Amino acid sequence: MLKVKKLRCEYRENPMGIDVAAPRLSWQLIADGRSVMQKAYRIQVSKDDDSFKNIVWDTGIVSSDKSVHVEYAGDALESRTRYYYRVKAWDNKGNVSDWSDAGFWEMGMLGTDEWAAEWITPADVNLQASKVSPLLRKEFNITEKVKTARVYVTSLGLYELYINGIRVSDHLFTPGWTSYNKRLQYQTYDVTHLLEDGVNAIGAVLGNGWYKGELGWKGNSKIYGDKLALLLQMHITYEDGKESMVISDNSWKASTSPILMSEIYHGETYDARMEKYDWNTADYDDSDWNGVMVLDKTKKNLVAQESVPVRVIQNIKPVGLIKTPKGEIVIDFGQNMVGRVSFVVEGPAGSEVVLQHAEVLDKDGNFYTDNLRHAKQTVRYILKGNGKECYEPHFTFQGFRYVKVVSYPGEILPENFTGRVIHSDMEVTGNFTCSDEMVNQLQHNIFWGQKGNFLDVPTDCPQRDERLGWTGDAQVFIRTACFNMNVAPFFTKWLRDLAADQSEEKGVPHVIPHVLGDNSYSSSAWGDAATICPWTIYICYGDKRILEEQYASMKQWVEYIRRQGDNEYLWNTGIHYGDWLGLDSKEGSYVGATPTDLIATAFYANSADILAKTAKILGKLADASEYEELHKKIVDNFRKEFVTPNGRLASSTQSAHVLALMFNLVDDRDRNRVTNNLVKLLEQNNYHLTTGFIGTPYLCHVLSQNGYNDIAYKLLLNTDYPSWLYQITKGATTIWEHWDGIKEDGSFWSSDMNSFNHYAYGSIGDWLYRTVAGINTDEERTGYKHIFITPKPGPGLSFARAQIESMYGIILSSWKKDGDKMQVYVSIPANTTAVVILPFADIKDVKEGGRKLEEAEGIFRYEKTADGVKVGIGSGDYTFSYGVSC
Ligand code: BGC
């Protein structure tokens with residue numbers, strides 16, 4: 001049996017409107033048995049129809065085991081055209097698959113000169129300047145039979161689009177957030193089914209969003225511009241082959257909507273009495289509407305949608321209704337989530353529903369909003385008063401678990417409220433479970449941190465007046481993120497903005513898209529997102545193209561660092577965030593005690609190393625040797641500056657030791673000493689961490705890698721402050737920004753910087769997947785083409801299990817320790833191979849499925865190593881069991 005399944009184009013299933021010249025196609029092989037490898041494939045691509053008669057690319061039978069990211073190399077792809085593709089495969093067992101089901105991709109509007117549409121905004125200057133969301137509408141006639149219709153649309157601000165009263169898609173927060181002045185996405189929708197014979201209407205509502213609304217904690221708004229606008233082009237193809245277009249131009253009409261205010265941070269005010277009933281349908285009388293004006297705005301920055309869309313991903317019902325000691329009525333959704341609340345209400349016209357959103361209750365059980373700083377997170381709905389009314393905000397999202405019902409006509413019944421969870425619709429790829437329920441809750445919290453903070457861009461937090469694409473947070477969390485969900489398209493888009501927003505000198509802004517002040521760039525470890533993020537996507541998805549695309553940006557960042565100060569091999573100038581929020585910070589400071597020049601130089605070395613490896617992969621051999629040399633010199637200089645001749649680190653913080661070990665900055669002969677000193681530091685602190693954003697992600701890794709796996713487990717399983725599980729004892733359902741967001745006595749850390757949904761410390765997820773369960777990829781054959789399964793059981797857990805869906809299919813690693821018996825269960829997808837290290841095992845003792853290793857199928861070699869028995873396997877499911885003495 002051999003099947004080709006799960007066809008993906010540019011990671012996506014049947015993407016609409018892409019502008020990639022050579023899209024990459026991937027598929028998974030489904031096969032019985034073990035050690036199945038693809039021997040050959042054949043791809044056919046057909047234009048416009050799925051009968052494969054109009055072939056534009058036929059690879060013929062290609063002898064290759066490549067099944068991920070095969071680049072299209074047929075005829076040049078045409079604008080606004082759909083291409084169907086199918087794949088057939090041959091395996092090493094003599095099986096031939098049938099043709100797969102057909103998948104497709106559709107090209108967007110490829111040339112900016114194809115845009116006949118014009119940017120339009122309401123002509124009424126009062127409406128332009130007001131907080132009210134404008135409506136835009138236009139009628140058009142259809143007199144012939146429609147074959148297909150597509151809308152290409154974008155906006156300055158956010159848009160919702162309707163045809164004949166129906167929303168064209170469930171995508172939210174379109175056109176997404178990019179560095180708008182340089183790159184603005186448009187979306188492509190198939191609207192064939194929405195068109196009717198005769199008169200049709202198309203209508204859009206615009207919202208401030210990131211473009212015109214408030215952004216950043218200084219209360220700045222209109223960062224990109226002060227006028228909302230729409231750009232829309234609909235192409236209608238008729239059965240007889242003729243075509244017509246509907247475009248945004250000065251024939252459209254504009255008016256006010258009931259959305260009186262909508263701001264990402266502050267919520268929305270909606271007066272249902274101002275609704276224009278059926279405004280987006282053909283029967284509507286718009287004679288009292290105003291006109292629009294054409295804006296002279298560029299179309300040169302337009303790009304097709306690059307990432308997955310943002311959607312409502314799930315609904316959550318309240319778990320309780322609380323009356324607080326202060327008498328507030330608060331709905332508890334049981335989960336700190338990001339999105340908004342939809343509700344049903346009935347009451348007299350002019351009565352109001354007012355909802356305030358918050359993440360936590362205070363010590364006394366009262367509603368707490370101080371940590372939101374200026375973000376109001378308040379939704380106000382004014383009833384029209386004609387029966388049951390349903391409402392959900394449009395252009396805003398909140399970070400919350402608790403909703404205070406400030407006003408609501410009638411009885412407050414939990415069933416009338418629904419939490420709508422919103423984020424980028426990334427495919428869920430991973431899960432981790434183990435024998436400790438608190439660790440399982442930790443994994444849950446990490447996962448929810450990712451859901452809440454991956455809303456089109458990776459943000460620091462989703463609730464207070466920030467919600468920005470902080471680079472440091474993103475690089476710290478990316479590896480964990482890659483386990484939980486497929487984040488490749490999400491980061492591809494964001495990294496293009498990072499490159500676009502690099503300063504003139506090629507520093508990297510603190511937040512991407514860059515919306516802070518001119519000097520807000522180039523902190524070490526934050527700017528290193530420029531190298532770490534593309535490299536991680538390459539490692540986890542085998543995506544060489546992201547390295548090609550980002551290469552200039554990566555190199556410019558390293559060269560930028562090199563130019564700082566007067567020693568090109570150290571970075572000891574500038575202002576840095578350091579080991580942000582480290583517990584060893586001086587009173588009144590957020591910057592941990594680890595010297596910032598040590599951190600900066602360590603990350604500089606790491607970035608130079610990544611750059612050298614990238615250059616090698618891309619065949620840029622001169623660069624490769626130059627940056628290898630640079631890396632070596634940075635490491636030498638690091639040693640001179642920060643390591644004593646006897647191998648002691650000049651800084652005695654946990655994070656300094658962690659970085660030195662993680663980035664291989666100390667001489668081999670000093671490794672033990674540095675590791676032992678780290679262990680001593682931990683011991684002095686009663687085996688508790690003091691690390692901040694920079695040291696935390698690597699702390700358990702360096703312990704496990706250097707002979708102290710038991711201490712890594714100890715740190716993981718601590719339940720008292722400061723630890724990962726401490727927050728679980730305090731009821732956390734997402735990851736906190738601070739180790740002591742809520743203190744032992746129930747009081748809060750300062751309201752100034754106290755998010756309860758900040759994923760940085762969730763980066764422990766990487767260690768859970770990669771070390772505890774032991775799923776890793778080989779740097780030489782990335783994207784899990786060659787897999788390492790190296791579980792490292794430790795004290796306190798009796799089993800652990802992780803599963804991830806790689807581009808090749810599902811990889812599973814689970815282990816169970818029962819007294820002196822150990823069982824390791826592994827599943828490896830077809831067309832990959834793996835090396836498994838069975839911890840604490842002795843060769844003579846190991847059985848696979850009840851057989852000795854030499855008798856088991858699919859095992860091509862095994863040997864005893866210091867870490868356990870090393871077994872080479874092909875695809876399939878394996879159960880290893882053996883006795884252990886420790
Ligand atoms: C953000 C962070 C960010 C930091 C930079 C904070 O306000 O929330 O997570 O990385 O600033 O120092």
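We did not get these values from a lab; they are worked out from the coordinates using the rules stated. Predicted, not measured: the structure shown is a model, and the values here were computed from it. Please note: Cβ atoms are built from the backbone with ideal geometry, for glycine as well, and neighbour counts cover all protein chains shown.
What the phi angles of segment 9-25 give under the Karplus curve with 6.51, -1.76 and 1.60, with θ = phi - 60°, is a coupling list of 10, 6, 6, 10, 8, 6, x, 9, x, 10, 10, 8, 5, 10, x, 9, 10 Hz, glycine and proline written as x. Using the Cβ-Cβ distance between Glu392 and His193 with R0 set to 22 Å, the FRET efficiency from 1/(1 + (r/R0)^6) comes to roughly 0.40. Only helices enter the 222 nm calculation for the chain: every DSSP H run of n ≥ 4 contributes -39,500 (n - 2.57), and dividing by all residues gives -6500 deg cm²/dmol, rounded to 500.
Using the per-residue mean of other Cβ atoms lying within 10 Å as a proxy for protection, in what order, highest first, do the peptides 262-275, 137-150, 534-547 fall? Write out the running numbers ahead of the final one.
On the way: 262-275: 20.9, 137-150: 16.4, 534-547: 22.7.
Most protected by this proxy first, the peptides run 534-547, 262-275, 137-150.
For the pair segment 673-717 and segment 764-790, the centres of their Cα atoms are 21 angstrom apart.
Set the Cα radius of gyration of segment 1-41 against 2.2 N^0.38 Å, with N its number of residues, and you get 1.45. Take the Cα of Lys633, step 7 Å toward its Cβ, do the same at Asp101, and the gap between the two points is 5.7 nm. Close amide H contacts of Leu302 (hydrogens built in the peptide plane, cut-off under 5 Å, sequence separation of 5 or more or a different chain): Leu184.
Quick check: from the Cα gyration tensor, does segment 505-658 come out rounded (a/c under 1.5), prolate or oblate?
In terms of gyration-tensor shape, oblate.
Stretching Glu275 away from Val125 to a fully extended chain increases their span by 51.9 nm, per 0.36 nm per residue minus the current alpha-carbon distance. Remark: C-alpha extents of segment 430-771 on the principal axes read 56, 48, 38 Å, sorted largest to smallest.
For Gly17, the amide hydrogen comes within under 5 Å of the amide hydrogens of Glu106, Met107, Gly108, counting only partners 5 or more places away or on other chains and with H modelled in the peptide plane. As a length-normalised measure over Cα pairs under 8 Å and 6 or more apart, the relative contact order of segment 2-106 settles at 36 percent.
For segment 406-468, applying the loop criterion from DSSP together with a ceiling of 13 other beta carbons within 10 Å to the GluC sites (Glu not before Pro) yields Glu411. Helix 596-617 and the longest principal axis of the C-alpha atoms of the chain enclose an angle of approximately 80°. Here the chain is treated with +1 on each Lys and Arg Cβ and -1 on each Asp and Glu Cβ, and its dipole about the Cα centre works out to around 1560 debye.
Rounded to whole numbers, the Karplus 3J(HN,Hα) couplings from phi for segment 38-45 are 6, 9, 7, 9, 9, 10, 10, 10 Hz, using 6.51 cos²θ - 1.76 cosθ + 1.60 with θ = phi - 60°, and x at Gly and Pro. Mind checking the angle between helix 621-642 and the chain's longest principal axis? C-alpha axes, 0 to 90 degrees, to the nearest 10. So the inclination is approximately 70 degrees. Per-peptide packing, taken as the mean over residues of other Cβ atoms within 10 Å, places 104-113, 190-199, 594-603, 577-586 in the sequence 594-603, 577-586, 104-113, 190-199 from highest down.
Would you kindly state how much longer the chain becomes between Ser221 and Thr143 on full extension, computed as 0.36 nm times their sequence separation minus their alpha carbon distance, in nm to one decimal? Don't skip to the answer; put the middle values down first.
Details: separation 78, 0.36 × 78 = 28.08 nm, distance 4.50 nm.
Here the answer is 23.6 nm.
The trypsin sites (Lys or Arg not before Pro) of segment 642-693 that meet both conditions, a loop assignment by DSSP and at most 15 other Cβ atoms within 10 Å of the site Cβ, are Arg648.
Here segment 483-519 is scanned for amide nitrogen atoms under 14 Å from the site 7 Å beyond the Cα of Lys66 along Cα-to-Cβ, giving none. Peptides 564-573, 548-557, 441-450 ranked from most to least packed, by the mean per-residue count of other Cβ atoms within 10 Å: 441-450, 548-557, 564-573.
Close amide H contacts of Ser35 (hydrogens built in the peptide plane, cut-off under 5 Å, sequence separation of 5 or more or a different chain): Gly874, Ser875, Gly876.
Kirkwood analysis of the Cα pair distances in segment 784-883 returns a hydrodynamic radius of 13.5 Å. Computed from Cα positions, the angle between helix 668-684 and the longest principal axis of the chain comes to roughly 70 degrees.
Return the whole-Å distance between the Cα centroid of segment 321-365 and the Cα centroid of segment 726-757. Centre-to-centre (Cα) distance: 21 Å. FRET efficiency for the pair Asp288 and Asp877, taken as 1/(1 + (r/R0)^6) with r the Cβ-Cβ distance and R0 = 60 Å, rounds to 0.30.
Couplings 3J(HN,Hα) for segment 522-535, derived from phi with the Karplus relation 6.51 cos²θ - 1.76 cosθ + 1.60 (θ = phi - 60°), are 6, 8, 4, 6, 7, x, 5, 3, 4, 9, 5, 5, x, 4 Hz, where x marks Gly and Pro.
Beyond 20 Å, what share of the Cα-Cα pairs of segment 310-424 is found? Please give it as a whole percent. Of the Cα pairs, 38 percent sit more than 20 Å apart.
Note on the chain: dipole from Cβ charges, positive end direction compared against Trp580, Val303, Ala116; the farthest Cα belongs to Trp580. Each Cα pair under 8 Å and six or more residues apart adds its sequence gap; the mean of these over the residue count of segment 236-303 is a relative contact order of 32 percent.
Which whole-number percent of Cα pairs in segment 348-480 have a distance greater than 23 Å? Considering segment 348-480, 47 percent of its Cα-Cα pairs are separated by more than 23 Å.
The mean sequence separation of alpha-carbon pairs under 8 Å and at least six residues apart, normalised by the residue count of the chain, gives a relative contact order of 10 percent.
Scan segment 605-677 for chymotrypsin sites (Phe, Trp or Tyr not before Pro) in coil per DSSP, keeping those whose Cβ has at most 15 other Cβ atoms within 10 Å, and list them by number. Intermediate results must be reported in sequence, preceding the final value.
Details: sites: Tyr627, Phe638, Phe642, Phe663; in loops: Phe663.
Within segment 605-677, no chymotrypsin sites (Phe, Trp or Tyr not before Pro) qualify (loop, at most 15 other Cβ atoms within 10 Å).
Divide the volume of the convex hull around the Cα atoms of the chain by the residue count and you get 172 Å³ per residue.
Pairwise Cα distances in segment 112-304 exceed 26 Å in 29 percent of cases.
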